[in-house]
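The values are calculated or read from the model by the stated rules, or taken from the named source; none is laboratory data. Here the structure is a predicted model, which is why all the values come from computation and not from measurement. So basically every Cβ, Gly included, is an ideal-geometry build from the backbone, and we count neighbours across all protein chains shown.
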């Protein structure tokens, strides 16, 4: 139910009007009031003015409640962006530590390959409702940017010999195709 519909319903009940009484006083069809309160229709123009005048409100008062939801949406999107940025920094930090560190040996490269496989599969498992491309762009943005920066700063051969580029490509592969792998595994059972 949208905010205008819930506000109309709440004020109508607080003033003691039934839907029939509100429809009669506002010169609006009863079915229109029912559809508005059920969220099937959005009142506009004359209908909104007639209902607002019967309830003793202005049209601006009825529309005022929709603005905080825009604010909440903006806060939610900002928080999601900060969380994704944080997750991407952690992922590239782990991968960089295991591959680019001067003390990196075969054991750390094996660990990097394992984590490049398991972490993206875990992310895929938790985000199966996302599309493959959306998941790869949201969680793989750090890998992509890290590979680009590495190529510009140190060159492509260093990226491959340290194992960073292969591990990042493995992660991106599993972020994109992981849902198909998990679905095939579930279908086999």
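Is there a residue in segment 60-72 that is in the same structural domain as residue 141 (by TED's automatic domain parsing) and either in contact with a strand residue (DSSP E or B) (Cβ under 6 Å, 6 or more places away or on another chain) or within 30 Å of residue 169 (Cβ to Cβ) (or both)? Checked segment 60-72: no residue is in the same structural domain as residue 141 (by TED's automatic domain parsing) and either in contact with a strand residue (DSSP E or B) (Cβ under 6 Å, 6 or more places away or on another chain) or within 30 Å of residue 169 (Cβ to Cβ) (or both). Note on segment 75-120: residues that are over 19 Å from residue 160 (Cβ atoms) and either within 19 Å of the chain's Cα centre (by Cα) or buried (at least 17 other Cβ atoms within 10 Å of the Cβ) (or both) total 18. Pairing residues of segment 105-121 that are assigned by TED's automatic domain parsing to the domain that holds residue 87 with residues that are not in a helix (DSSP H, G or I), at Cβ distances under 8 Å and at least 6 apart in sequence or on separate chains, gives 108/101; 109/163; 112/163; 113/163.
If you go through segment 1-30 and keep only what is without any contact (Cβ under 8 Å) to a residue 40 or more places away in the chain and under 12 Å from residue 47 (Cβ atoms), you end up with 22, 23, 26, 27, 28, 29.
Here are 153, 133, 181: which of them is surrounded by 12 or more Cβ atoms within 10 Å (Cβ to Cβ) and assigned by TED's automatic domain parsing to the domain that holds residue 111? Step by step, each of 153, 133, 181 is checked, and only 181 is surrounded by 12 or more Cβ atoms within 10 Å (Cβ to Cβ) and assigned by TED's automatic domain parsing to the domain that holds residue 111.
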